[in-house]
Amino acid sequence: MLIKIPRKSDCTSAQVTPEHLYLSRRHMLGGALAGLAVAAMPRLGAAAEASRYADAEPGKAPGWFSDKLGATRWQAVTTQGEAITPFKDATHYNNFYEFGPDKGDPAANASTLSTEPWSVVVDGEVGKPGRYALEDFVKPYQLEERIYRLRCVEAWSMVIPWLGFPLAEVLKQVEPTSKARYVRFETLQDPKSMPGQRSGFALIDWPYVEGLRLDEAMNPLAILAVGMYGRELANQNGAPLRLVVPWKYGFKSIKSIVRISLVAEQPATTWQGLAPDEYGFYANVNPTVDHPRWTQARERRLPSGLFSPNVRETQMFNGYADEVASLYSGLDLRKNY
Amino acid sequence: MRYPWLRLAIFMTGCLVPAWWLYQAASGLLDPDPGKVLVDRLGLGALVFLLITLSMTPLQRLSGWPGWIVVRRQLGLWCFAYIVLHLASYIVFVLGLDWGQLGVELRKRPYIIVGALGFLGLLALAVTSNRYSQKRLGARWKKLHRLVYGVLGLGLLHFLWIVRSDLREWAVYAAVGGMLMLLRVPQVARRIPRLGRQGRVR
């Protein structure tokens with residue numbers, strides 16, 4: 001017998017939009033005939049999908065992405081009563097130090113990043129190591145839309161609709177050996193296209209490395225994302241492939257991944273190596289453990305107006321405690337921050 | 001009053017720059033986190049005014065033109081004004097007027113403590129910047145105002161401890177500050193060539 005226990009973050013059936021309303025939503029936008037004409041043209045059809053988020057700029061989606069978009073499970077996970085961050089803010093207020101230290105630098109500089117062709121190396125303690133072209137790497141998985149809170153360690157936060165697939169499915173596919181206990185991720189290192197990696201003043205030892213415990217990586221909330229706001233990822237958001245672990249501070253969600261390794265030992269991660277007293281390996285969102293330089297009890301939900309600051313209490317595990325708290329039972333989260 | 005137009009120009013610049021920032025913030029140009037941007041810009045603006053203030057004496061020595069020294073006090077006061085605005089906007093936009101949290105930050109965060117000490121130093125200098133204090137303090141006034149070198153050090157340390165990953169911007173300000181301090185070492189100061197005809201004013 002299957003007993004389904006609803007999680008707190010699940011939608012109840014009363015919140016589900018009735019199907020006839022859902023199906024009729026496009027008639028609101030410009031008439032059935034125009035809709036038919038648009039649907040007949042595959043490129044424009046992709047653009048129509050992007051209009052789910054009216055403020056999102058259409059991108060230049062690679063073919064494999066447009067092909068997968070049609071079968072997407074929209075709104076597979078949602079946040080209740082929390083507005084989605086405007087597309088402009090999610091794409092113009094970023095930390096991606098490969099493209100510069102200021103929040104606007106990634107949007108200004110990331111156009112130099114070439115995401116096609118892209119390949120991902122899977123190695124270490126796996127039964128099926130290899131180098132995969134990105135389109136082959138993502139082929140087996142159905143895209144899901146996951147609307148997640150994103151809490152940066154700098155005490156600001158956003159709500160972002162990602163498009164991706166569970167990391168667990170990828171890990172099952174590559175068959176970790178019995179020695180595998182951690183997953184290590186690596187970002188592209190390419191000083192030619194990444195000005196931050198050319199800076200002589202950068203304190204970061206490139207390439208950027210992040211990691212998860214294997215059981216964390218297998219948690220259904222952890223995804224590999226290839227899109228956002230109904231379109232492919234913008235370069236500054238970590239195109240073409242990034243991690244999203246919503247119960248951890250944003251820096252754990254590594255961008256522009258080129259290597260995924262299963263390893264026996266806890267990997268040395270970038271921020272932990274740079275300032276171990278400020279950034280731990282776990283980096284779970286935790287309002288009771290301060291960053292040495294600022295409090296983590298509250299966050300500015302962006303956009304936050306000058307005279308109407310949008311400050312809210314930070315939630316344990318960024319509000320995903322029901323799903324992930326059990327991963328850390330018996331672990332002292334003050335020591336393992 | 002000598003050089004009234006120069007004084008007025010500096011005064012207008014000092015007023016208009018933060019007014020322009022406030023206008024930008026109010027009209028959404030600094031979104032999505034305008035409060036944080038204002039705090040950062042005001043802090044950096046104060047540092048710039050401090051460095052300009054400290055370059056007046058070496059420039060006067062170099063050129064012999066007395067105008068540099070005439071505007072030095074006003075520039076120093078602008079540095080103080082920007083720090084007051086920096087602090088006020090930190091308390092309003094970052095702490096959300098949570099005074100209890102300010103107490104916690106003042107006890108726990110080294111960069112806040114260093115910044116607060118720098119503010120107290122500037123406060124002492126601003127309060128004694130008038131002619132009455134100069135007369136009253138006599139020779140001690142000059143000694144007291146050497147505190148500005150300490151304030152520069154505290155300001156740069158405060159800035160350094162905010163840096164997360166890239167030292168380039170900080171290094172530029174620190175290099176300028178370091179050079180201005182070097183020019184005050186007596187052995188170096190004596191060798192600054194006099195380009196102008198007039199001698200020293202003070």
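The values are calculated or read from the model by the stated rules, or taken from the named source; none is laboratory data. Worth saying up front: this structure is predicted, and the values here are computed from it rather than measured. Virtual Cβ from ideal backbone geometry, glycine too; neighbours counted across all protein chains shown.
A few notes on this one:
- Counting only residues that are closer than 27 Å to A:LEU331 by Cβ, out of contact with any Lys or Arg (no Cβ under 9 Å at 6 or more places or on another chain) and either within 14 Å of another protein chain (Cβ to nearest Cβ) or among the β-branched types (Val, Ile, Thr) (or both), the stretch A:165-220 holds 2 of them.
- Residue match in the stretch A:69-78 (condition: more than 30 Å from A:ASP136 (Cβ to Cβ) and surrounded by fewer than 20 Cβ atoms within 10 Å (Cβ to Cβ)): yes
- For the stretch B:68-85, the count of residues that are over 19 Å from B:PHE11 (Cβ atoms) and without any contact (Cβ under 8 Å) to a residue 40 or more places away in the chain is zero.
- Subset tally (residues that are outside any helix (DSSP H, G or I) and of a type outside the set (A, V, I, L, M, F, W, C)) for the stretch A:320-337: 8
- Between B:TYR90, B:TYR82, the distinction of being in contact with a Phe, Trp or Tyr (Cβ under 7 Å, 6 or more places away or on another chain) and buried (at least 17 other Cβ atoms within 10 Å of the Cβ) belongs to B:TYR82 only.
- If you check A:PHE185, A:PHE165 for being assigned to a strand (DSSP E or B), closer than 15 Å to A:GLU98 by Cβ and among the hydrophobic types (A, V, I, L, M, F, W, C), only one passes: A:PHE185.
- Picking from residues in the stretch B:150-195 that are surrounded by fewer than 15 Cβ atoms within 10 Å (Cβ to Cβ) and touching a Leu at 6+ places or on another chain (Cβ under 8 Å), the one that is modelled with the lowest pLDDT is B:LEU195.
- Scanning the stretch A:275-319 for residues that are surrounded by fewer than 16 Cβ atoms within 10 Å (Cβ to Cβ) and in a strand (DSSP E or B) yields A:ARG312, A:GLU313.
- As a summary of the residue check, A:PRO287 satisfies the conditions (1) more than 9 Å from every other protein chain (Cβ to nearest Cβ); (2) under 30 Å from B:TYR23 (Cα atoms) except for the one numbered (2).
- Residues that are assigned to a helix (DSSP H, G or I), more than 14 Å from chain A (Cβ to nearest Cβ) and either touching a Gly at 6+ places or on another chain (Cβ under 6 Å) or not aromatic (Phe, Trp, Tyr) (or both) within the stretch B:104-128 comprise B:ALA116, B:LEU117, B:GLY118, B:LEU120, B:GLY121, B:LEU122, B:LEU123, B:ALA124, B:LEU125, B:ALA126, B:VAL127, listed in sequence order.
- Annotation: of all residues in the stretch B:8-61 being surrounded by fewer than 16 Cβ atoms within 10 Å (Cβ to Cβ) and more than 25 Å from A:LEU306 (Cβ to Cβ), the one that is nearest to the other protein chains (Cβ to nearest Cβ) is B:PHE11.
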